[in-house]
Structures are given as C-alpha cells and as structure tokens.
1. Please go through (1) open to solvent by 20 Å² or more (accessible area, probe 1.4 Å); (2) within 15 Å of the ligand (Cβ to nearest atom) for A356 and return the number of the only condition it doesn't satisfy.
2. Checking the structure you have, find out if any residue of segment 280-290 is away from the ligand (no atom under 16 Å from the Cβ), open to solvent by less than 10 Å² (accessible area, probe 1.4 Å) and assigned to a helix (DSSP H, G or I).
3. Looking at (1) open to solvent by 30 Å² or more (accessible area, probe 1.4 Å); (2) farther than 30 Å from D202 by Cβ; (3) in contact (Cβ under 8 Å) with a residue 12 or more places away in the chain, find the lone condition where P123 falls short.
4. Return the only residue of A148, A160, A164 being away from the ligand (no atom under 13 Å from the Cβ) and either outside any helix (DSSP H, G or I) or among the small types (G, A, S) (or both).
5. Of the residues L55, L102, only one is under 16 Å from K232 (Cβ atoms) and either over 23 Å from the mean Cα position of the chain (by Cα) or surrounded by 17 or more Cβ atoms within 10 Å (Cβ to Cβ) (or both); which?
6. Tell me the residue from R28, R16 that is farther than 28 Å from Q241 by Cβ, at pLDDT 90 or above and assigned to a loop (DSSP other than H, G, I, E, B), please.
7. Go through (1) open to solvent by 10 Å² or more (accessible area, probe 1.4 Å); (2) of a type in the set (A, V, I, L, M); (3) away from the ligand (no atom under 13 Å from the Cβ) one by one and return the number of the condition V345 breaks.
8. Can you list residue pairs whose Cβ atoms sit under 9 Å apart, with the first residue in segment 94-110 being farther than 20 Å from F242 by Cβ and the second being among the basic types (K, R)? Count only pairs 6 or more apart in sequence or on different chains.
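The values are calculated or read from the model by the stated rules, or taken from the named source; none is laboratory data. A quick note: this is a predicted structure, and the numbers were derived from the prediction, not measured. Every residue, glycine as well, gets a Cβ built from its backbone with ideal geometry; the counts of neighbours run over all protein chains shown. Accessible surface areas use protein heavy atoms only, side chains included; no ligands, DNA or RNA. Shrake-Rupley method; radii C 1.70, N 1.55, O 1.52, S 1.80 Å.
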Amino acid sequence: MSDPAVKPGQSVSEVRCIGCGRTALPDRFRCELCRDLLEIVFSGWKEQQLDPAELKAIWRERRTSFDPADQSGVWRFREILPEISKQQIITIKEGNTPVYELPRCAKSAGVRRLFAKHQGMNPTGSFKDTGMTVAASFARQAGYHWVACASTGNTSASMAAYAARGGLRSLVLIPDGKISWSKLSQSLDYGALTCQLKTDFDGCVRVLNEVVQRMPVYLLNSVNPYRVEGQKTVAFELLEQFSWEPPEHIIVPGGNLANSSAIGKALREMKQLGLISRMPKISVIQAEGANPLVRTMRETDGEKLVPVHAETMATAIRIGNPASWKKAIRVVRETEGTVEQVSEVEIALAKAEIGAEGIGCEPASAVTLAGLKKLVMQGFVKPNESIVLILTGHALKDADFTLKFHRGDLFAGTPFGVESQILKSQQRAPILLEPNVEAVIDLLHSSET
Ligand code: F0G
C-alpha cells in the first residue's frame, strides 16, 4: 500500500469545516481543530459568472451525447461538482433516474398528485451510486489503491462496483446478519474484501474510523464530502425534470443523514446560482426504532444528538448515531421542512402500496410514503401541494422482506402482531395449485372482483 499525498491545488472548490469554516486538505473527513464534518464549497463560482440559462441548456444537451461523462446523470452536471480529470472518472452511467407519478399512493395519502424520483434505478440499485462515482474517482485521482466503507448494505454494494470498475481494491465492513442477502451478494460479486462484524452499523463505523487512521485506505462512507457532491445531483436532475419549477415538498428517508444533507446543499446552490427562485421544504422520515434525528429535534431542539440503539426491519436505515445530523438539521431548518417517524407496520404497508403501483422499492425508501401520510394528517402537507418522494433503493434489494410480507410472516413473533392485521388486504401470497387447467381458470374466476 502506498501513501498518497494530496495537496490542495488551484481550484474553484475547497474543502471547509461546517463548524469553524477552516479550510482542510481535500482528502480529510473532519476538521483537525473542531472535529466537525467537512463540506465542499465553491468559492470560485462568483468569478466564473455561471449563467443559469446556459447551464440548463448545456446539461440538457449532454443527454444526447455519447461521451461517457455526458452519459452519466452525475457528470453531465460537472459545472457544479469538484474538478476531477476526465481520465480519472469512474462511471457506470449512474443518475438519469426516472420520476414516476403514483396515483394510488396519492389517494391513500390524501393528496391530489404524488411523484417519486426513483434512485433505486441506478446501476447497483440504490442512490449511493451518484455519490460513489465522484468519491471513487477522487480516490483514484488522489492515488489511493484501497477504499473502504462501513455499511448497511447499499454503500458497500456501490463502493465495491465502482472500485472494481476503477481498478481499486475495496474493504467492506457490514453488521453480521443485519443486512439483506442481495446487498451482501453484490459486494461479493463485485470483488470486495467483505467482513461481517459481530456488531451493528454504528459499531462497524467505529472500527473503520480507526482502520483508516492507521492505513492508507480512503474512507468512502457518507462523511466523505465528495460523496455528498455526487448525491447532490439528484436534486438538479429532479428540478430539470420539473422544468425548474420547484415542488412544494421533497420527502427523504433518514439514516446516516447524508442524503437529506446533499439534497439540501443542492437546493441552496441552485438558488445561489439563480437556477430556482425558491426552495422546496425537505422533510426527513425515520423508522420509530431508529429515530435519532426525530429525538434530537424533539428533545434538544436540534442542539445535541440523541443517539439510540437502532432496531428496524428497514435495515438500510438501522442507524442510531448518524454522522451527518448537524448538516441535516441545517437543511430541515433552512427549507422549513420537518422530521417524522413511522412504525414498522406503517413502513410495510407503504412499501406494499408502492409495489402495487408497479414500481416497488426497498423498505427504507417506503418510509417516505408512510411519513407523507402523517404529514398530511397533521396539515403540514396540503392535499393540493406538489410532493416528491425520494425512493432510495430498488425493490429487489430486499426480496426477503417482500416475501415474508406477502406470506404473512413478517411480523410473526414480534410485538406488532395485532397492529399488522391491517396489512392483510395487501398480502398476495403465492398460491400452490395442481398443474391443472380447470384449477387455474377457477382461480381466475374467483379473483375477478
Ligand atoms: N435508503 C436506503 C436504501 C439506504 O441504503 C440508506 C442508507 C438510506 C436510505 C439513508 O440514507 O444514510 O444518507 O440518510 N444506507 C447506508 C448504507 C447507511 O450503508 O448503505 P442516509
């Protein structure tokens, strides 16, 4: 392993502490003085005099290009990203994800129209790819040979893929038995050195933080400011898909809280660049059993993180000590959004409803619909406002959950047995039949309601 030395060069962007504003070296993750997180700031934009109309035209035009960087839904927005030399870009044509209208979910939530931006339609099946393309490319440009992450499964799948594409080695630390098999299988398939630690996600983070201090291994967890930059592009793309007319609400699941931070940063920058005139409200939804942000807001008014021992079947967001909590709170406050929590049964119901639209998502993404229902009931979201749910992961990411749901075993032996009775109408267990034409026709007749 060689020790890469990264020096800050002449650039439109620099890495700065979110707390004291001090400039940091580009490959650091925390301020050396106050230990706060870092973010990338584009101090050179003023001199560049970027013209919003021109930017919109260039970004759109690139969709018809065959240049690999233009074909990426992240790198076609490169004017608002940190500079990475084109030869170093590792892309699997991420981004450019669809927006779907969800009319039945809208009805069930009590709103007129509802849209979902489906980040599960990325190459490895989750929103992580948009951030990973930027951070992995930076790692390669900076001369690292090893990258690493602790993960609830999606970051690791994405990192393993981008590392493999870029000729880098990757180390994955995941909580033993607490991630879906499909996510684990991706990391193996893409060739990562995969370790299952007998702890939870927060425990994996603790171990990895020390490993990266002692070895020349580049950390690709979401404290990495380059990941946030890539994840930011989802909001640019969404606004482009809305003809730059901002929706009233964007609803995001909350785990380690980088995604909400990234989307908020994007909106702030879009306003600064004159691409939009107002910011949508960003609301963050957590599972009741993994609700440190909700507790932090309610119990300390956002002043001091309240870590929790996290427990939820939405394993992607089973996180009790989120790294980016300060950034997320800043975004929720600045956009006048809110935070909410939803129960395991509410998540399962919402996931089934999104599936029944022919779209599907993983459980962690479904907290958005479950949360929306609550926000409508509270009057925070009005029925005629425009709302976008950010669906973060593909339905196939957690097929076990879906099968158990439809077979009716998801809540067996849990304290949610009684509450889960409301799910019966959504359950469509596979039906075992003799290989007999009449039996199938009878079933068709009896199903015609
Ligand atoms: N949805 C999915 C599908 C996720 O995988 C994650 C996080 C989140 C939502 C929450 O996003 O952390 O930015 O608030 N997954 C991470 C991982 C932690 O390791 O894959 P966040």
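1. Result: A356 passes all but (2).
2. Checked segment 280-290: no residue is away from the ligand (no atom under 16 Å from the Cβ), open to solvent by less than 10 Å² (accessible area, probe 1.4 Å) and assigned to a helix (DSSP H, G or I).
3. Here P123 meets the rest and fails (2).
4. Being away from the ligand (no atom under 13 Å from the Cβ) and either outside any helix (DSSP H, G or I) or among the small types (G, A, S) (or both) holds for just one of A148, A160, A164, which is A164.
5. Answer to the selection: L55.
6. Exactly one of R28, R16 is farther than 28 Å from Q241 by Cβ, at pLDDT 90 or above and assigned to a loop (DSSP other than H, G, I, E, B), namely R28.
7. It is condition (1) that V345 fails.
8. Taking only residues 6 or more apart or on different chains, the pairs are S108/K373; G110/K373.
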